Amino acid sequence: MTRLRKSIGLVFTFGILSLAFAFFAGCGGGDTKIIPVGTMASIPAGCFDMGDAFNEGSSVEWPVHNVCVSAFQMDIYEVTNAQFKACVDAGFCTDPENSTSYTRSSYYRNSTYDNYPVILVSWTQANAFCIWAGGRLPTEAEWEYAARGGLAGKRYPWGDNAPVCTLGASNGSNYSECSPADTIAVGSFAANGYGLYDLAGNIWEWVNDWFDSGYYSTSPTQDPQGPDSGTNKVMRGGDFESIDLELRVSKRWTYHPSIQARFIGFRCAK
């Protein structure tokens, strides 16, 4: 997938909006109560049609197939800097690759950004945190089911309408068209139908599954766990540089599990 890079003109155009993000969403740091580890929503058991029903994506999102998942719990928010630091301080996790973000020289272990998503963590580091927190990474099927929020056959976690830039909006997202070119505080937009935040934009999220481009053709119906082995792990959700098509709930992307990037984080399930 082509990474979207903003031009000087786009940065200038959205300069005022970026300041608004920094002021309103950026206040989610030292002055905001730290979100406790394990703040989860209960996701009911159910069945859904997994994949791209609009034929807008790529072949790895086809065929659309019916999947059923057992009841589980999912982190309401993406794992934050403060939460991940707690695991590191407990001696179970290792620090992210470095403490910066795209536009900030000090991000991780900076209290201003305590409630911003942790980034620069590999799949292995994400998995270790979830184990420490008493959970695990969600399966790809669980992630998509939860992201849909009880809506059937929709593009985004909120429905079919395009995302907007308004903070707190039910279909708002931190993505390329209105992003301050970096992460923002978790929970800056409204939750989906299952009470989950930031499932479209802000950061890509590691899930448990190995990636196989043809897996949808052979996936079991009940609680699919993904291939037994592979080279890359799956990521879901899009990030602050994504175009709107990359925010779709069916969008799949992959990276090697050792990769640490400023646009990848995660949330846990159990």
* Structure fact -> Filtering the range 115-134 down to residues that are closer than 21 Å to Gly237 by Cα, assigned to a loop (DSSP other than H, G, I, E, B) and in contact with a helix residue (DSSP H, G or I) (Cβ under 9 Å, 6 or more places away or on another chain) yields Asn115, Tyr116, Val118, Ile119, Val121
* Asked: How many residues does the range 83-129 hold that are within 14 Å of Gly38 (Cβ to Cβ) and either among the polar types (S, T, N, Q) or buried (at least 23 other Cβ atoms within 10 Å of the Cβ) (or both)?
  -> 3
* Structure fact -> Those residues of the range 151-166 that are assigned to a loop (DSSP other than H, G, I, E, B), within 18 Å of Gly195 (Cβ to Cβ) and within 18 Å of the chain's Cα centre (by Cα) come to a total of 3
* Do we find that Val249 is under 19 Å from Ala53 (Cα atoms), crowded, with 19+ Cβ neighbours inside 10 Å and within 15 Å of the chain's Cα centre (by Cα) in this structure? -> yes
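For (1) among the hydrophobic types (A, V, I, L, M, F, W, C); (2) touching a Phe, Trp or Tyr at 6+ places or on another chain (Cβ under 8 Å); (3) within 11 Å of Glu241 (Cβ to Cβ); (4) in a loop (DSSP other than H, G, I, E, B), each residue gets a yes or a no:
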{"residue": "Ala169", "(1), (2), (3), (4)": "yes, yes, no, yes"}
{"residue": "Asp182", "(1), (2), (3), (4)": "no, yes, yes, yes"}
{"residue": "Ala190", "(1), (2), (3), (4)": "yes, yes, no, yes"}
{"residue": "Gly193", "(1), (2), (3), (4)": "no, no, no, yes"}
* Structure fact -> Heads up, the strands (runs of 3 or more DSSP E) in the range 1-103 (entirely inside) with at least 3 residues that are at pLDDT 90 or above and within 18 Å of the chain's Cα centre (by Cα) are 40-43, 72-75
* Asked: Which of the residues spanning the range 240-256 are closer than 18 Å to Val60 by Cβ and part of a loop (DSSP other than H, G, I, E, B)?
  -> Ser242, Ile243, Arg248, Val249, Ser250, Lys251, Arg252, His256
* With respect to the numbered conditions (1) among the charged types (D, E, K, R); (2) touching a strand residue (DSSP E or B) at 6+ places or on another chain (Cβ under 7 Å); (3) buried (at least 18 other Cβ atoms within 10 Å of the Cβ), which one is the sole condition not fulfilled by Asp212? -> (2)
* What are the pairs, 6+ residues apart or on separate chains, where a residue within the range 140-163 that is without any contact (Cβ under 8 Å) to a residue 12 or more places away in the chain has its Cβ under 8 Å from a residue that is surrounded by fewer than 24 Cβ atoms within 10 Å (Cβ to Cβ) and outside any helix (DSSP H, G or I)? -> Asp160/Lys154; Asn161/Asn171
* To do: Collect the residues in the range 185-223 that are farther than 18 Å from Trp62 by Cα, out of contact with any helix residue (DSSP H, G or I) (no Cβ under 7 Å at 6 or more places or on another chain) and either among the small types (Gly, Ala, Ser) or modelled with pLDDT under 95 (or both), keeping them in residue-number order.
  => Gly187, Ala190, Ala191, Gly193, Gly195
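For the structure I just gave you, tell me whether Arg148 is within 20 Å of Ser42 (Cα to Cα) and crowded, with 23+ Cβ neighbours inside 10 Å.
Values: within 20 Å of Ser42 (Cα to Cα): yes; crowded, with 23+ Cβ neighbours inside 10 Å: yes.
Yes; evaluated as a whole, the condition is true for this residue.
Among the residues of the range 122-134, is there at least one that is farther than 30 Å from Thr231 by Cβ and of a type outside the set (A, V, I, L, M)? Spell out the reasoning first.
Pass one, the range 122-134, residues farther than 30 Å from Thr231 by Cβ: none.
Within the range 122-134, none of the residues are farther than 30 Å from Thr231 by Cβ and of a type outside the set (A, V, I, L, M).
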* Asked: What residue, of Gly238, Gly187, is of a type outside the set (A, V, I, L, M) and under 18 Å from Tyr145 (Cα atoms)?
  -> Gly238
* Asked: Within the range 178-187, is even one residue surrounded by 19 or more Cβ atoms within 10 Å (Cβ to Cβ), farther than 25 Å from Ser106 by Cβ, of a type in the set (A, V, I, L, M) and under 12 Å from the mean Cα position of the chain (by Cα)?
  -> no
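The values are calculated or read from the model by the stated rules, or taken from the named source; none is laboratory data. Every value quoted in this text rests on a predicted model; they were computed, and no experiment measured them. Cβ: placed from backbone, ideal geometry, glycine included. Neighbour counts: every protein chain shown.
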